[in-house]
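Scroll down for the structure; my scribbles are underneath it.
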Amino acid sequence: MEKIGAAALPVILGFILLYGFFKNIDVFDSFVQGAKEGVHTTLGLLPTLIGLILAVTMMRQSGLLELLCSLMAPLAQAARIDPELLPLALLRPVSGSGSSAYALSLLQQFGPDSETGRIASVLTASTETTFYAITVYFGACGCKKLSYSVPAGLLGDTAALALSIISVKIFG
């Protein structure tokens, strides 16, 4: 099985070269043009991504994340969920790597078979890094009007949180 995966890339590249040859396409020039466009797109997104990374870092270092979690803790306790899940729920729409690291720490602390571990796993798998996705996709096409996208994305994240908790409590 491992040999099939190792052979896939050369087979795909060979197919592309043969296709270009038979269709009389200059494959190398097409590759160079695509690489130029990719670099241009990357450079256009870079300031926005740096701003997003800076915002996540500031949120974590300033204590804002802990403040928000402490304000939401009574709500979590009333819903009978572990307040330790709140940072994951707040980080997930903003930072994929930050939320993954936090989910891993929850799994190590509570265990993967605990209710907290199962909710963290389902939540991590069922949500998107909303702000990152909006930054990349809208930034790539130059869209500036986010008036419906951000609330819709956050509503989806909220629904995923609620359904993650409910599904684990019912089926877990």
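Rule-based calculations on the coordinates, nothing more; no lab input. Treat the numbers as computed from the prediction; the structure is a model and nothing was measured. For neighbour counting, all protein chains shown are included, and Cβ atoms are generated from backbone atoms with ideal geometry for every residue, glycine included.
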From the phi angles alone, apply the Karplus equation (6.51, -1.76, 1.60; θ = phi - 60°) to region 80-90 and give each ³J(HN,Hα) in whole Hz, x where the residue is Gly or Pro. 6, 10, 5, x, 5, 7, 4, x, 5, 5, 7
Quantify how much of the Cα-Cα distance distribution of region 16-82 extends past 16 Å, in percent. 71 percent
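Beyond 24 Å, what percent of the Cα pairs of region 47-171 remain?
28 percent
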Within the chain, which is the longest segment containing none of the trypsin sites (Lys or Arg not before Pro) that sit in a DSSP loop and have at most 11 other Cβ atoms within 10 Å? 81-143
Based on alpha-carbon atoms only, what is the radius of gyration of region 122-172 relative to the globular estimate 2.2 N^0.38 Å? 1.39
